[in-house]
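Worksheet: the structure to be examined is printed underneath.
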Amino acid sequence: MNTASIDGDGAPGDDAARGPGGVATDGPRWLTDREQRVWRSYVHATMLLEDHLDRQLQRDAGMPHIYYGLLVQLSQAPRRRMRMTELAKGAKITRSRLSHAVARLERSGWVRREDCPSDKRGQNAFLTDEGFAVLQRSAPGHVEAVRQAMFDRLTPEQVDQLGAIMRAVADGLEPSDPNADLPWLR
């Protein structure tokens, strides 16, 4: 069950803690029925979209979506190199999970780790020519999957609205505390 729908007693959809207009009067600010429908639609759609993209990339490129994202980040970095910590930050994953992913990408010959010349404790990930070629072969199918799953279903106005909504959500979630407990720092 979605935790956003559970009230203080563990019962879903209890409006008792809401005042007029669905605003919480005491206790948690439970979602209104309207917000609950939107939230569930969002969760359902994002789970389906991630699954769709992951299956497409597994089928067509032999890699999960997260690995594709790592290859994209590296392809856009100067000299196709990034510090491992920056790569983890960009992917919003723990350094441990990144290390595991990069090890798999290394076994495929798509990425190579190198010592960081400016920091003897750090490492860079480098996108190899073979990895870049895999990315180039994979990109057209991936873009088509994204287009079919999302953009072909929306009007141009909805695309603009979705962009504005996602920017507002991302801006509100972007950590402002440099000492925050962030996955890529673990």
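General remarks:
- A count restricted to region 106-147 and to residues that are open to solvent by less than 40 Å² (accessible area, probe 1.4 Å), over 18 Å from MET82 (Cα atoms) and outside any helix (DSSP H, G or I) stands at 0.
- Per this entry, LEU182 is not counted among residues that are in contact with a Leu (Cβ under 6 Å, 6 or more places away or on another chain), open to solvent by less than 80 Å² (accessible area, probe 1.4 Å) and more than 17 Å from ALA45 (Cβ to Cβ).
- Residues that are part of a helix (DSSP H, G or I), farther than 22 Å from HIS44 by Cα and not hydroxyl-bearing (Ser, Thr, Tyr) do occur in region 159-173, at least one of them.
- Test: SER96 is touching a residue at least 12 places away in the same chain (Cβ under 8 Å) and either more than 27 Å from PRO175 (Cα to Cα) or under 17 Å from the mean Cα position of the chain (by Cα) (or both): yes
The values are calculated or read from the model by the stated rules, or taken from the named source; none is laboratory data. A quick note: this is a predicted structure, and the numbers were derived from the prediction, not measured. Neighbour counts run over all protein chains shown; Cβ positions are idealised from the backbone, glycine included. What goes into the accessible areas is simple: the full protein's heavy atoms, side chains included, and nothing from ligands, DNA or RNA. Shrake-Rupley method; radii C 1.70, N 1.55, O 1.52, S 1.80 Å.
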